[in-house]
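The values are calculated or read from the model by the stated rules, or taken from the named source; none is laboratory data. What you see is a predicted model; the values in this text were computed from it and never measured. As a convention, Cβ positions derive from the backbone with ideal geometry for all residues, glycine included, and neighbour counts pool all protein chains shown.
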Amino acid sequence: MNLNKLSYLALPLVISLAGCSALQSTSNDVKATVVEPAPDAGFIQQPKRQTVHADLPFQKVWIKPGFNAAKYKEIIISPVNTQYMLEMDWMHSITGANILSDVKKDTADLAKYFQSQVIKDFEEDPNHRFTVIKFAAQHKQPALQLELALIEIDPSASVLHALSWAGPIGTGSAVGAVNQRRAAFEGRLRDKQTGEIVATFADRDMQDVGPIDLTRLTWYGPAKGIMNRWAKQFVQIANRKPGQVISDETAFTLRPF
């Protein structure tokens, strides 16, 4: 049975969200209080040297001392790694071969979507900060290579329930519904000429789910909305002026009942 067809089971839970209270956030400080960083997955080899940068929207950041981004004129967006996401516990709990196949296909499609969205946003950047290079052979000027890994996308509570993994949906399901609107990535920025890693960063973010939104009733829920925001933020950071703060401009809503 196709996992996406199970999404109709979420309708009662989603409709019930209409009566919940809301909290709007547009700042990195507020996000830090409601979205806990994801555990280090392993894509970044030295995660402990990452710290919080209040002027950036990502929860963990390391920038090589003396790194001068201004000298780079081109950027390569690598295919998005999904190795670490496929190791998530809930995926290992799926017993149906057809369902697991659907999840793996969706995961690969999401990785392609994330890469294409980042490429699109850089290509459509009105400031033309970087020329996007799709193949290494096109490299002519100093270039950076952006390497990304999806490390987490939480499935909807309704899908886990349908798979008999999450248990009955009861009074505690509200917290689960909030927690399962998250996605996380880890990223590396590499000097294409030397191969040296010049920056690393990681983020877990949350996306609002409206009371009735049938377009998001899939196992990966609002992940694409989160990826869209990350892609936008990459471009904003690339164009950032000294001292400028880049924050989560798109508000998310928590409905804790």
Hits in the stretch 111-130 (condition: surrounded by 20 or more Cβ atoms within 10 Å (Cβ to Cβ) and part of a loop (DSSP other than H, G, I, E, B)):
130
How many residues are under 23 Å from residue 119 (Cα atoms) and over 15 Å from the mean Cα position of the chain (by Cα) if we restrict to the stretch 68-87?
11
Which residue pairs have Cβ atoms closer than 8 Å, lie 6 or more positions apart in sequence or on different chains, and pair a first residue in the stretch 209-227 that is closer than 22 Å to residue 118 by Cβ with a second residue that is at pLDDT below 55 and among the hydroxyl-bearing types (Ser, Thr, Tyr)?
218/7
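Okay, residues lined up against (1) farther than 24 Å from residue 222 by Cα; (2) surrounded by 14 or more Cβ atoms within 10 Å (Cβ to Cβ):
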| residue | (1), (2) |
| --- | --- |
| 51 | yes, no |
| 76 | yes, yes |
| 87 | no, no |
| 90 | no, yes |
Given (1) within 22 Å of the chain's Cα centre (by Cα); (2) crowded, with 20+ Cβ neighbours inside 10 Å, number of the condition residue 143 does not satisfy:
(1)
From the list 108, 69, pick out the single residue that is surrounded by 12 or more Cβ atoms within 10 Å (Cβ to Cβ), in contact (Cβ under 8 Å) with a residue 60 or more places away in the chain and small (Gly, Ala, Ser).
69
